[in-house]
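Right, one structure below, let's go through it.
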Amino acid sequence: MFLLAITCAFVSKTLSGSYMNSMLTQIERQFNIPTSLVGFINGSFEIGNLLLIIFVSYFGTKLHRPILIGVGCVVMGLGCFLQSLPHFLMGRYEYESTVSVSGNLSSNSFLCMENGTQTFRPTEDPSECVKEVKSLMWIYVLVGNIIRGIGETPIMPLGISYIEDFAKSENSPLYIGFVETGAIIGPLIGLLLASFCANVYVDTGSVNTDDLTITPTDTRWVGAWWFGFLICAGVNVLTAIPFFFLPKTLPKEGLKNNADIIKNDKEEKQREAVKKEKDGITKDFLPFMKSLLCNPIYMLFILISIVQFNAFVNMFTFMPKYLEQQYGKSASEAIFLIGIYNLPPICIGYIAGGLIMKKFKITVKQAAHIGCWLSLIEYLLHFLCFLMICDNTSVAGITTTYKGIQQDLYVENTILADCNKDCNCPIKMWDPVCGNNGVSYMSACLAGCETSVGTGINMVFQNCSCIQTSGNSSAVLGLCDKGYDCSMMLQYFLILSAIGSFIYSLSAIPGYMVLLRCIKPEEKSLGVGLHTFCTRVFAGIPAPIYFGALVDSTCLHWGMLKCGESGACRIYDSTNFRYIYLGLPAALRGTSYIPAFLILIMLKKRLLPGENVSSGTVLIEAKVTGKENDCKDMHQNSKVLNDGELKTKL
């Protein structure tokens with residue numbers, strides 16, 4: 001029952017986390033904030049988590065672990081609800097456009113008009129500028145994410161330690177594999193939910209979507225990001241209910257039919273209770289911390305985790321944006337493809353890893369080799385992604401000249417050309433159109449278009465002087481498609497990503513066993529908590545921020561708010577974006593194999609806690625005090641050594 005409940009908790013927490021990650025671009029556009037700030041909002045989850053992780057990991061084992069996990073789920077639900085609030089407190093979303101959906105379109109004031117006066121210049125009215133304060137509503141999302149991080153704190157360390165305490169040693173990897181599978185099913189559901197919400201307009205129900213001049217593929221489109229947070233809030237609260245009915249402790253798996261062992265277990269618990277009241281709950285905290293910090297294998301494993309987490313947090317967080325910019329997909333399509341191609345292989349890899357550990361009774365040293373070499377194979381495959389590329393989107397005046405020649409750098413004065421210099425066009429407004437020559441333009445005005453037919457998204461612009469074609473020059477709303485070759489590159493990238501995800505997840509359970517078995521049984525909960533704390537502080541929080549800042553540096557054109565201030569980025573240099581997205585994680589992961597090889601060398605010479613000297617068989621995790629009765633109990637539980645051998649080994 002606990003295994004089912006904790007798996008559901010992992011599903012709910014990862015559902016919320018994956019949904020939040022998938023909605024980052026929607027939040028960026030809704031509040032018109034840079035990617036670096038969005039990265040800070042995403043990292044705020046880790047801030048909330050690290051506030052309590054160490055103390056929950058240690059003190060939680062002394063208290064009622066299932067109830068603490070249930071309370072955490074309720075708090076996560078509260079955080080998700082708070083994240084959805086800005087939608088109900090703000091007005092309607094307004095995107096920058098030269099085409100007014102509410103005004104009189106027959107005036108054609110948004111087209112090329114020689115010596116005309118354009119009506120869509122940024123306003124300088126102070127009363128209008130005050131309305132931009134609504135963008136500060138992102139603080140609600142920030143605070144809600146911190147609260148969600150606080151609620152998630154007890155789930156992983158207390159749940160894993162609960163399984164380790166009451167499951168057989170040979171069954172523990174399989175059970176953790178099931179739990180980690182729940183941590184994959186959650187993101188799969190979250191990504192599918194995010195894909196659906198990203199395809200629904202943010203103000204659907206309150207605006208006529210037929211009047212919209214943008215589609216989900218447009219970088220100004222904002223999906224119904226708030227709706228998914230409400231669903232996540234409900235799921236988290238429902239998941240909490242079973243934990244309030246679970247016991248504080250369970251009989252050790254496989255020993256519940258042995259009356260003598262149960263009796264000794266109860267006596268041991270009574271002695272521990274008396275000792276706790278006498279010595280205090282914090283007596284072992286500092287000694288445990290000192291023992292962990294002086295454990296070289298454990299500390300090297302933390303170092304590896306920090307470096308690897310820096311790489312994977314960045315890749316997972318910004319993968320939807322990468323697919324949008326590199327391959328020209330909408331946010332909804334990108335999120336859906338990630339869920340379909342990446343998560344099922346990861347799920348299969350986790351289960352397979354746990355089954356292999358159980359079937360072949362893999363020792364800790366063998367697990368370390370399996371995890372290291374499989375990870376290295378996946379790392380080498382990652383470099384093939386550099387070959388699966390698409391060219392920059394052809395936008396006249398930004399990535400190409402008006403004659404269709406590629407240009408390397410964005411220079412503002414190249415936006416105007418002989419064909420549109422007399423049109424009196426705004427040069428910062430982003431309202432792209434695709435010409436029938438295959439080149440995109442920042443607006444219909446900059447394309448030199450003089451007339452238009454149709455309304456809404458079906459509008460067609462004609463007589464465009466900057467579009468050089470043999471016949472009638474025309475344009476439609478939106479950027480031009482990247483073409484068939486780019487679509488094939490996307491398929492290759494996704495297939496390689498699926499293969500890499502499976503290989504890496506196959507190594508995850510063996511690697512996690514190294515973490516759990518390189519520390520003493522009584523230190524496991526604190527050890528897992530300290531490991532989580534370090535990865536949050538040195539990877540989860542800073543990685544999205546610095547990576548977001550690097551992504552911002554590749555922006556070619558920023559959106560413009562009413563008062564002329566910069567909004568969210570509209571188009572990136574996909575070449576430099578690719579170097580950052582693929583190159584930085586590759587460099588980080590490469591350095592992590594130095595401490596990994598050191599661990600393999602150290603494991604050859606070291607006896608890990610609970611490991612048999614001669615065969616490496618992992619004994620039951622019992623506290624050895626040196627007393628004869630304790631030795632007999634340990635022998636009775638382990639079924640490995642006879643009385644004489646046991647005393648000799650001890």
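The values are calculated or read from the model by the stated rules, or taken from the named source; none is laboratory data. Worth saying up front: this structure is predicted, and the values here are computed from it rather than measured. Counting neighbours? That spans all protein chains shown, and the Cβs are built from the backbone with ideal geometry, glycine included. Areas reflect the complete protein model, heavy atoms only, side chains present, ligands, DNA and RNA absent. Shrake-Rupley method; radii C 1.70, N 1.55, O 1.52, S 1.80 Å.
Quick notes on this one:
- Selected residue (only one of Glu272, Glu253, Glu324 is at pLDDT below 90, part of a helix (DSSP H, G or I) and of a type in the set (Asp, Glu)): Glu272
- Residue satisfying condition, being in contact with a helix residue (DSSP H, G or I) (Cβ under 8 Å, 6 or more places away or on another chain) and assigned to a strand (DSSP E or B), within set Ser452, Ser507, Ser497, Ser487: Ser452
- Residue pairs meeting the criteria (Cβ under 9 Å; at least 6 apart or on separate chains; first within 14 Å of Cys423 (Cβ to Cβ), in segment 464-484; second aromatic (Phe, Trp, Tyr) and outside any strand (DSSP E or B)): Cys466/Tyr402
- Subset of segment 554-602 [among the polar types (S, T, N, Q) and in contact with an Asp or Glu (Cβ under 6 Å, 6 or more places away or on another chain)]: Thr554
- Subset of segment 526-543 that is closer than 14 Å to Pro154 by Cα and open to solvent by less than 30 Å² (accessible area, probe 1.4 Å) - its residue that is nearest to the chain's Cα centre (by Cα): Thr532
Residues checked against (1) part of a helix (DSSP H, G or I); (2) modelled with pLDDT of 80 or more:
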| residue | (1), (2) |
| --- | --- |
| Ser57 | yes, no |
| Ile69 | yes, yes |
| Cys73 | yes, yes |
| Gly77 | yes, yes |
| Leu85 | yes, yes |
| Thr98 | no, no |
| Arg121 | no, no |
| Tyr140 | yes, yes |
| Asp165 | yes, no |
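- Some residue of segment 485-501 being over 24 Å from Gly339 (Cβ atoms), out of contact with any Leu (no Cβ under 7 Å at 6 or more places or on another chain) and touching a residue at least 12 places away in the same chain (Cβ under 8 Å): yes
- Looking across segment 428-454, just one residue is closer than 18 Å to Tyr95 by Cα and open to solvent by 50 Å² or more (accessible area, probe 1.4 Å), and that is Lys428.
- For segment 283-311, a tally of residues being open to solvent by 60 Å² or more (accessible area, probe 1.4 Å) and part of a helix (DSSP H, G or I) returns 7.
- Test for Asn424: is it over 37 Å from the mean Cα position of the chain (by Cα) and on the phi > 0 side of the Ramachandran plot: yes
- Residue list for segment 318-363, filter: over 19 Å from Pro585 (Cβ atoms), among the β-branched types (Val, Ile, Thr) and open to solvent by 10 Å² or more (accessible area, probe 1.4 Å): Ile340, Ile348, Ile351, Ile356, Ile362, Thr363
- Subset of segment 542-573 (residues that are of a type in the set (A, V, I, L, M) and either assigned to a strand (DSSP E or B) or touching a residue at least 40 places away in the same chain (Cβ under 8 Å) (or both)): Ala543, Ile545, Ala549, Val551, Leu556, Met560, Leu561, Ala568, Ile571
- Exactly one residue out of Thr217, Thr209 is within 23 Å of the chain's Cα centre (by Cα), at pLDDT below 90 and surrounded by fewer than 18 Cβ atoms within 10 Å (Cβ to Cβ): that is Thr217.
- Flag if Ile519 is out of contact with any Cys (no Cβ under 7 Å at 6 or more places or on another chain), assigned to a strand (DSSP E or B) and surrounded by 22 or more Cβ atoms within 10 Å (Cβ to Cβ): no
- Selection within segment 151-202 - open to solvent by 10 Å² or more (accessible area, probe 1.4 Å), among the charged types (D, E, K, R) and over 17 Å from the mean Cα position of the chain (by Cα): Asp165, Lys168, Glu170
- Hey, Gln462 under 30 Å from Ala183 (Cα atoms) and out of contact with any Gly (no Cβ under 8 Å at 6 or more places or on another chain) or not: no
- Count - residues of segment 473-489 that are of a type outside the set (Lys, Arg), closer than 12 Å to Asp391 by Cβ and surrounded by 16 or more Cβ atoms within 10 Å (Cβ to Cβ): 3
- A search for C-beta distances below 9 Å between a residue of segment 168-188 that is over 15 Å from Lys361 (Cβ atoms) and any residue that is of a type in the set (Lys, Arg) and surrounded by 24 or more Cβ atoms within 10 Å (Cβ to Cβ), counting only pairs 6+ apart in sequence or on different chains, returns Ala183/Lys13; Gly186/Lys13.
- Filter pass, Met315 being at pLDDT below 90, closer than 28 Å to Ala167 by Cα, part of a helix (DSSP H, G or I) and open to solvent by less than 60 Å² (accessible area, probe 1.4 Å): no
- Cross-chain or 6+ apart pairs with Cβ under 8 Å, segment 416-434 first and among the β-branched types (Val, Ile, Thr), then surrounded by fewer than 16 Cβ atoms within 10 Å (Cβ to Cβ): Ile427/Glu412
- The set of residues in segment 366-395 being more than 20 Å from Ile356 (Cβ to Cβ), of a type in the set (A, V, I, L, M) and in contact with a Lys or Arg (Cβ under 9 Å, 6 or more places away or on another chain) consists of Ile389 alone.
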